[in-house]
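**Student:** One structure follows; several queries about it will come next.
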Amino acid sequence: MSAMNSWTTVLNFMPAMLYGLRFTFLIAIITLACSMALGGVIVSLLRSRSPVGRSVGFLYIQIFRSLSPYVYVLLVYFALAGVTGWKMDPVTAAIISLTLLNTAYVAEIYRSALLTIDRGQWEAAAAMGMTRWKTNSIIIWPQALRTAIPLLLNQFIVILKDSAIVGVIGVKDIVYVANAQAAITYKQFEYLTAVGLIFIIIVFALSRLSISLERRLAWKR
């Protein structure tokens, strides 16, 4: 079969690959949302007045930044199921493992964003008699999130790329679908190149969006 016919075969299979892309985006979006929620908890522990809370937050970040996504996916899907007896589906396992990992990075994003807030704003809020909760929710966090948004979008790009490994536990994402078809047709180069090009286009578009958001938010400050 000629090279042209090989690429024609890949193009004809593109709808199935793009269908698998929905799992890639689904996992990445849910992972980011969960990581943002849990990251808020971890950064609150890091900023806690309790030494125990700060230690728990610190240990969480150190532990979950020390191993690769591949290891976490396998640990959650196989090891956790073996210990607890919980037979979770591959998509759930992928989301849990990637969330545990990315929560640590999101917490660090929050922490760095909070450090940009002038200490005087805390003191002014305290002088006005505002509680710590009100100060955080009304004054501090809205400003910090504006700083964090471009960084969170960059983290979404990282999650999107990391999600390419979830096929090892049977999630039928774009990489899994392409690999399965490549194994049948013996066209690994063509199918994986196509997947690589799709990821390049997506990451480029998201990177441009991140840069645009960063400039716009900086202009509004």
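The values are calculated or read from the model by the stated rules, or taken from the named source; none is laboratory data. Predicted, not measured: the structure shown is a model, and the values here were computed from it. Neighbour counts run over all protein chains shown; Cβ positions are idealised from the backbone, glycine included. Side chains included, ligands, DNA and RNA excluded: accessible areas come from the protein's heavy atoms. Shrake-Rupley method; radii C 1.70, N 1.55, O 1.52, S 1.80 Å.
**Student:** Tell me which of Asn12, Pro150, Ala178 sits at the most positive position along the dipole axis of the chain, charges placed on C-beta atoms (Lys, Arg +1; Asp, Glu -1).
**Tutor:** Value computed over the given set: Pro150.
**Student:** Here's a follow-up. For Ile27, what is the net charge nearby, where nearby means another residue's Cβ is under 13 Å from its Cβ and Lys, Arg count +1, Asp, Glu -1?
**Tutor:** Net charge around Ile27: 0.
**Student:** Share of region 54-173's accessible area from carbon and sulfur, percent, 1.4 Å?
**Tutor:** Whole-percent figure for carbon plus sulfur exposure: 66.
**Student:** Still on this structure, please answer the following. For the chain, what does the relative contact order come out to in percent, with C-alpha contacts under 8 Å and a separation of six or more?
**Tutor:** After rounding, I find 29 percent.
**Student:** Tell me the trypsin sites (Lys or Arg not before Pro) within region 69-145 that lie in a loop according to DSSP and have at most 12 other beta-carbon atoms within 10 Å.
**Tutor:** Lys87
**Student:** Now a separate question. Among Ile201, Ile42, what's the order by accessible area (1.4 angstrom probe), most exposed first?
**Tutor:** Sorted by accessible area, descending: Ile201, Ile42.
**Student:** Quick one: Cα centre-to-centre distance for region 148-166 and region 52-107, in angstrom?
**Tutor:** 16
**Student:** With a 1.4 Å probe and all protein chains kept in place, how much accessible area does Phe78 have, in Å² rounded to the nearest 10?
**Tutor:** That residue has around 120 Å² of solvent-accessible surface.
**Student:** Compute, for the chain, the length of the dipole vector about the Cα centre, with Cβ point charges of +1 (Lys, Arg) and -1 (Asp, Glu) only. Units Debye, rounded to 20.
**Tutor:** 720
**Student:** May I ask for the angle, rounded to the nearest 10°, between helix 3-12 and the longest principal axis of the chain, with both axes built from Cα atoms and the value confined to 0 to 90°?
**Tutor:** 60
**Student:** Here is a further query. Please work out the FRET efficiency for the pair Ala33 and Ala205, using the Cβ-Cβ distance as r and a Förster radius of 22 Å; give the result to the nearest 0.05.
**Tutor:** With R0 = 22 Å, the Cβ-Cβ based efficiency is 0.65.
**Student:** Between Ser48 and Arg22, what is 0.36 nm times their sequence separation minus the Cα-Cα distance? Round to one decimal in nm.
**Tutor:** Stretched out fully, the Ser48 to Arg22 stretch lengthens by 5.5 nm.
**Student:** Which loop-located trypsin sites (Lys or Arg not before Pro) does region 11-79 contain, where loop means any DSSP state but H, G, I, E or B and the Cβ has at most 16 other Cβ atoms within 10 Å?
**Tutor:** Here the trypsin sites (Lys or Arg not before Pro) that fit, given the DSSP loop and packing criteria, are Arg47, Arg49, Arg65.
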